[in-house]
Amino acid sequence: MTSQELSDLLKIQQKAFTKSPPEYEQRMEALASLSEMVEKNQERLIEAVSQDFGHRSSEETTILELFPLHDEIKHARRHLKNWMKRKSVRSSWFLLPSTAYYQFQPLGSVGIMGAWNYQILLTLSPLVDAIAAGNHAIIKPSEIAPASAEVIKDLINKTFDSSYIHCVTGDAELAKDFSSLPFDHLFFTGSTRVGKLIMAAAAPNLTPVTLELGGKSPAIIHESYDLELAAKRILAGKLFNAGQTCVAPDYLVMPADLNDKLIEYSKQVVEKFYPDVANNKQYSYIISDKHFKRLTSLLEDAKQKGAEIIELCETNELPEGMMTPKLVFDVSSDMDIMQEEIFGPLLPVLNLDSMEQAIEYVNANAKPLALYYFDDNQDRIDHLLKFTLSGGVTINDTIYHLAQHRLPFGGVGASGMGHYHGFDGFKTFSKKRAVMQQKKFAATDILHPPYTEIKKKLIGVMGDISKV
């Protein structure tokens, strides 16, 4: 699709929206159609995702993409009528007898740019919020996962009219043109580096953006916590999709005297999760040769700078595109593996003796998308929450805070801006519009010029009252 064709498509959508913004019934019908579309084509979607990765298990795609998507649609349909209601607020006393309320209204035609690591969920989940809020939308899946992108395009464009919802696919040049369009809102999921480019492209149009980015999400273990349980839950979150998850634990912080036990427990966990990993069809491959080489480069750089790499499973020969889980000890801040978001099955271990040192390290670096803390002491948990900032937090587990539909999901600082999921996603794609309705006879009428002596005294009284 050319730049001009994209521009024409947006104009058609914006014109259609202006003529007839979707009401409650149309939104509910569209959400039902989206759910039915995904359900009927589940196997086709799963196969396409696996093709993109070289291999990804159907179980992972079902658990991590299809189930959350269906559940999110169900949640939106259950609560949409209440989200759309006008909400009355108390009028300011000096504006009585006016009434005041706000209502959420759709923005218009929005753009959504998905991400390759969870192509189905990260393209269609924001679309759920956009539909619920009453918008028209153009979506662009990631070109890095072309098979799933083309399936999504085919399904969306057969299900919806192009003047309402449409999907386009293409390379980085199309992505550049897409992000430069004067959308009424632009939603992007991807890397921090590309997020900066997206924001710059949107700026000339003053297009508001939501950026769902990534970063180095730490997992911190207090020495008093059950290390075996912590290792299991951290590795579960880390090894979903072979670590190619934006909220995967990126590095682990704990005292050095726990290292030996961590290695022991981690090997046991990997053997239990993925026995005979080389032939295990439930362990995912790395998305591309480019990303595989990047991960190998991170390991080589760390090794050259003094890191110790621990294999968590022994195997002689691996299928092309598979990388086994590894712990990386003796890491330092000058290593690339401690600078870049890893996005793979490599877990650096940073040995710090106290919580204060862990907090200091987290705060000295870019704000993470997620933070994981393992401890049963509520005072220490509250202390950590008070003195750190991240997009989200899970205590004594990993990644599952993103599945809470009543919690916002989004980053802060370098890990993103804005939120979605549930009501927060509905708000992101809406204008919270303020409305004040004045009565025929109002106290404010007497405050119009000219300002006589009586009016001056009234203004003075009002000023004194407002100070109380």
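Filter the range 1-13 down to residues that are out of contact with any Pro (no Cβ under 9 Å at 6 or more places or on another chain), in a helix (DSSP H, G or I) and surrounded by 14 or more Cβ atoms within 10 Å (Cβ to Cβ), then give me how many there are. So the answer is 5. Number of residues in the range 328-348 that are open to solvent by less than 10 Å² (accessible area, probe 1.4 Å), more than 25 Å from the chain's Cα centre (by Cα) and among the β-branched types (Val, Ile, Thr): the value is 1. Annotation: of all residues in the range 288-300 being basic (Lys, Arg) and surrounded by fewer than 13 Cβ atoms within 10 Å (Cβ to Cβ), the one that is nearest to the chain's Cα centre (by Cα) is Lys290.
Specify which of the listed residues (Leu262, Leu186, Leu197, Leu252) is open to solvent by 10 Å² or more (accessible area, probe 1.4 Å) and either in contact (Cβ under 8 Å) with a residue 60 or more places away in the chain or in a helix (DSSP H, G or I) (or both). That would be Leu197, the only listed residue that is open to solvent by 10 Å² or more (accessible area, probe 1.4 Å) and either in contact (Cβ under 8 Å) with a residue 60 or more places away in the chain or in a helix (DSSP H, G or I) (or both). Here Ser109 meets the list (1) more than 22 Å from Val49 (Cβ to Cβ); (2) surrounded by fewer than 24 Cβ atoms within 10 Å (Cβ to Cβ); (3) hydroxyl-bearing (Ser, Thr, Tyr) almost entirely, failing just condition (2).
Taken over the range 58-79, the criterion of being surrounded by fewer than 20 Cβ atoms within 10 Å (Cβ to Cβ) and of a type in the set (Ser, Thr, Tyr) is satisfied by Ser58, Thr62. Selection within the range 354-374: residues that are surrounded by 20 or more Cβ atoms within 10 Å (Cβ to Cβ) and of a type outside the set (Ser, Thr, Tyr). The member of this set that is nearest to Val253 (Cα to Cα) is Ala358. Sub-7 Å Cβ pairs linking a first residue in the range 215-231 that is modelled with pLDDT under 95 to a second residue that is surrounded by 18 or more Cβ atoms within 10 Å (Cβ to Cβ) and polar (S, T, N, Q), at least 6 apart or interchain, are Gly215/Thr192; Gly215/Ser415, ordered by first then second residue. When the test is whether a residue is open to solvent by 20 Å² or more (accessible area, probe 1.4 Å) and free of Cβ contacts under 8 Å to residues at least 40 places away in the same chain, Tyr285 does not pass it. Selection within the range 200-227: residues that are in contact with a Lys or Arg (Cβ under 8 Å, 6 or more places away or on another chain) and under 20 Å from Arg380 (Cβ atoms). The member of this set that is surrounded by the most Cβ atoms within 10 Å (Cβ to Cβ) is His222.
Condition first: in contact with a His (Cβ under 9 Å, 6 or more places away or on another chain), of a type outside the set (Phe, Trp, Tyr) and closer than 17 Å to Val247 by Cβ. Now tell me which residues in the range 361-386 satisfy that. Listed by number, the list holds a single entry, Ala370. Scanning the range 418-468 for residues that are in a helix (DSSP H, G or I), among the charged types (D, E, K, R) and touching a residue at least 40 places away in the same chain (Cβ under 8 Å) returns a single hit, Lys427.
Only one residue in Glu143, Glu150, Glu173 is in contact (Cβ under 8 Å) with a residue 40 or more places away in the chain, open to solvent by 60 Å² or more (accessible area, probe 1.4 Å) and either in a helix (DSSP H, G or I) or acidic (Asp, Glu) (or both). Which one? Result: Glu150 is the single residue among Glu143, Glu150, Glu173 that is in contact (Cβ under 8 Å) with a residue 40 or more places away in the chain, open to solvent by 60 Å² or more (accessible area, probe 1.4 Å) and either in a helix (DSSP H, G or I) or acidic (Asp, Glu) (or both).
The values are calculated or read from the model by the stated rules, or taken from the named source; none is laboratory data. Computed from a predicted model, the values in this text were never measured in an experiment. As a convention, Cβ positions derive from the backbone with ideal geometry for all residues, glycine included, and neighbour counts pool all protein chains shown. Calculation scope for accessible area: heavy atoms of the full protein, side chains included, ligands and nucleic acids excluded. Shrake-Rupley method; radii C 1.70, N 1.55, O 1.52, S 1.80 Å.
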